[in-house]
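Structure, as structure tokens:
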Amino acid sequence: MIEMMDLTAVNWARAQFALTAMVHWIFVPLTLGLSFLLAFFETFYYKTGNPEWKRVTKFWMRLFAVNFAAGLATGLILEFQFGTNWSNYSWMVGDIFGAPLAIEVLFAFFIEATFFAVMFFGWNRVSKKFHLFSTWMVAIGSNLSALWILVANGWMQHPVGMVFNPDLGRFEMQDILSVITSPVAISHFMHATSSSFLFASLFVISVSSWYVLRKRHLQLARKSIIVASFFGLVFSSIVILSGDEAAYDSAKLQPMKLAAMEALYKGQESAGLVAFGVLNHSKQPGDDQPTFSFDVKIPYMLSLLANRELDSFVPGIDDLVYGNPKRNIEGVQEKIVKGKAAIESLSLYRTAKKNNNPAAAQEHLKAFRNNESYLGFGYLESPEQAVPHVPIVFYSFRIMVILGSIFPLACLVYLYLAIKDRILNQKWLLSLGLLLVPLGYLASQLGWVVTEMGRQPWAIQNILPVNVAQSDLAAVTVQTTFFVFLVLLGTLVAADVCIMLKQIKIGPEEK
Amino acid sequence: MTLGKTLWKLILIKMAILFFVLKLVFFPNLLKTKFDTDMERGDYVVEQLLHQAPSERSSN
């Protein structure tokens, strides 16, 4: 596996990127989800004229503002890292990422930023209708921002609609529509946004539970719980459906990721899904050791998830690494040979161009194009390097799914008790409800761990491994900036938590 | 201090650190710093692609 290689600088750069992305993702889900909850709260105020709904809206809007301000521009740090730590990658994808990111800035961010000012400062300064419109625009703008970022991420998981320019060493956009409508981009967008809506619901339920436990702001808490738990319940179903679609896409486009998620080493027909399992940590690809010390499987479910057919074959890690001619699966060693041929053809093409030999250049370019889609494999030293870190992916996926199954149940129980007006006496439930925020964050972060760790060693699937994407930097340089970020981002998160807790303690405006 | 003032202060301090410390001191755009033209940058990246195949790659 790639972690066993001596890649100190690249691993520091990966750790730095993971740290920044994970801190960024502390703020993003709450922004995406709470913005829509605010829009619903304010719509109730607009429709009913009940000032209690205005009080509810203004309170959650304050917490939204804290989160928005703390999270603002944390994504920019990732872009700084592209230029410094990942300059090869940054150069290669510049033309592809340029379009979605420019659209993101031009439309989504400006919508979000412009209407945020009206939403936050415009109470009693603009009409009720325009204020409501602004709140909806903030919600739509925030989520459109996420769309373009996930389009870019989807392209890295499933690169389509581009051609590699061998003179400039970069991918050039050929078909923006296929980039935008990539199945991976769509399923990831649906899953990331719906899980963010669910997370925001958990946040509202959790903070409201705290008020109920302290017998404060009971009316606000009950109203908030009813709306948030209903919202959470509805979006839980979309989380499940979009998660299923993402797994189906993985089976087709990133089968190694799915195999790692399930720790499936030997491919099977009618494969079962592991509900619980303890991995045998000495298990390696190609050996005959058992995969699990203990496991409970749901029969046929993995085949159904991967192929929508109960008795279908799901390839395992060994099939994908060593090949399975019976199933027409090409092994990584064959792909390494083709990848090296692509690198060799690229080198010969460049030499022919320098020697002013266009006929030879064309011939080598043609040979390069034949093997271009295997380019990344040419950088692997052994077939086993194409396998991601199985325990991290396997356990992260399990924990995410288990938590993701608990959340809709929590929403359902909260909704029922709040509608029946019996929520105020449920001390146990309310105390457990306080855990929904940390557990929601855990599930949300682990979703990204599965998505990103599951596609290792690739920065761009099958085309560019992370160690080639990285800049030629000394490990100590990346190490230094890692610790600079650790301190700065730690301080930012601490400031966010302090301000947020203070605002929660202050509570809503007095009537 | 009102919430609005606290948040503005947080945003301004963060932006100052981002653009005047991190970007200028720690995070230059390497290819833009090293090379003047896109052709030079492209050449450099392709050379990196050609020379990082396993037989020639040196560990960091």
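The values are calculated or read from the model by the stated rules, or taken from the named source; none is laboratory data. Please read all numbers here as calculations on a predicted model, not as lab measurements. When we count neighbours, we look across all protein chains shown, and the Cβ atoms used for this are built from the backbone with ideal geometry, even at glycine. Only protein heavy atoms, including side chains, enter the accessible area calculation; ligands, DNA and RNA are left aside. Shrake-Rupley method; radii C 1.70, N 1.55, O 1.52, S 1.80 Å.
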Cα-projected label distance for A:K252 with B:V25, points at 7 Å along beta-carbon direction, nm: 5.0
At least 30 Å² accessible surface lost relative to isolated chain, residues of region A:26-72 (1.4 Å probe): A:A69, A:L72
Integer Hz, Karplus 6.51/-1.76/1.60 couplings in order for region A:398-406, x for Gly and Pro: 4, 5, 4, 5, 4, 5, x, 7, 6
FRET E, pair B:K5, A:A359, Förster distance 51 Å, beta-carbon r, rounded to 0.05: 0.15
Surface accessible to a 1.4 Å probe, A:I140 within the full protein complex, Å²: 70
Dipole of the protein assembly as shown, positive end: most advanced residue of A:Y379, A:I298, A:N425 [Cβ charges, Cα centre]: A:N425
Average Cα contact separation per residue, chain A, under 8 Å, 6 or more apart, as relative contact order %: 21
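For region A:174-226, what is the accessible area per residue in Å² when the probe is 1.4 Å? Intermediate results must be reported in sequence, preceding the final value.
Numbers: 1820 Å² over 53 residues.
Accessible surface, normalised per residue, equals 34 Å².
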Extension gain, A:N307 back to A:D472 (0.36 nm per residue minus Cα-Cα distance, nm): 55.2 nm
Alpha carbon centroid spacing (whole Å) that separates region A:144-184 from region A:302-351: 22
DSSP-assigned coil residues among GluC sites (Glu not before Pro) in region A:277-351, each with at most 15 further Cβ atoms within 10 Å: A:E309, A:E330
Area hidden from solvent between A and B (accessible, protein heavy atoms only, 1.4 Å, total, Å²): 4000
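Quote the charge dipole size of the protein assembly as shown about the Cα centre in Debye, to the nearest 20; the model charges only the Cβ of Lys and Arg (+1) and of Asp and Glu (-1).
Working: 47 positive and 42 negative charges, 604 e Å.
Dipole about the Cα centre, nearest 20: 2900 debye.
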Accessible surface of region A:394-496, 1.4 Å probe, proportion on carbon and sulfur as whole %: 74
Cα centroid of region A:352-427 to Cα centroid of region A:262-278, whole Å: 18
Pairwise centroid distance, computed over Cα atoms, of region A:82-109 with region A:186-236, Å: 33
Simple Cβ-charge dipole of region B:3-51, Lys/Arg +1 and Asp/Glu -1, about Cα centre, in debye nearest 20: 620
Region A:131-170, accessible area per residue, ligands and nucleic acids excluded (1.4 Å, Å²): 25
Cα→Cβ-extended label distance, 7 Å offset, between A:K297 and A:V278, nm: 1.9
Amide H partners (placed H, <5 Å) of A:K297, local residues excluded: A:A275
Among A:S87, A:P166, A:G447 the positive-end extreme of the charge dipole of chain A (Cβ point charges): A:G447
The protein assembly as shown - Rg and Dmax from Cα coordinates, angstrom: 25.4, 84
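Å³ per residue of the Cα convex hull, for region A:257-400? Provide the component values of the computation, followed by the final result.
On the way: hull volume 18.3 nm³, N = 144.
Measuring per residue, one finds 127 Å³ for the Cα hull of region A:257-400.
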Buried on assembly, region A:87-125 (at least 10 Å² less accessible surface than by itself, 1.4 Å probe): A:S87, A:N88, A:W91, A:M92, A:F120, A:F121
Residues in region B:2-23 occluded by at least 50 Å² - accessible area, probe radius 1.4 Å, against chain by itself: B:L3, B:L7, B:L10, B:K14, B:L18, B:L22
Region A:261-387 - percent of accessible surface contributed by carbon and sulfur, probe 1.4 Å: 54
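If you roll a 1.4 Å probe over the heavy atoms of the protein chains, what accessible area per residue do you get for region B:3-51, in Å²? The partial results should precede the final answer.
Numbers: 2880 Å² over 49 residues.
Accessible area per residue: 59 Å².
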Region B:3-51, accessible surface, carbon-and-sulfur percent (1.4 angstrom probe): 69
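Based on the alpha-carbon gyration tensor of region A:382-511 and its eigenvalue square roots a ≥ b ≥ c, which shape applies: rounded if a/c is under 1.5, prolate if not and a/b is larger than b/c, or oblate? Walk me through the numbers on the way to the answer.
Values: a/c = 4.02, a/b = 1.69, b/c = 2.38.
Verdict is oblate for region A:382-511.
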Charge dipole of chain A about the Cα centre (unit charges at C-beta), most positive-ward option of A:A102, A:T351, A:V138: A:V138
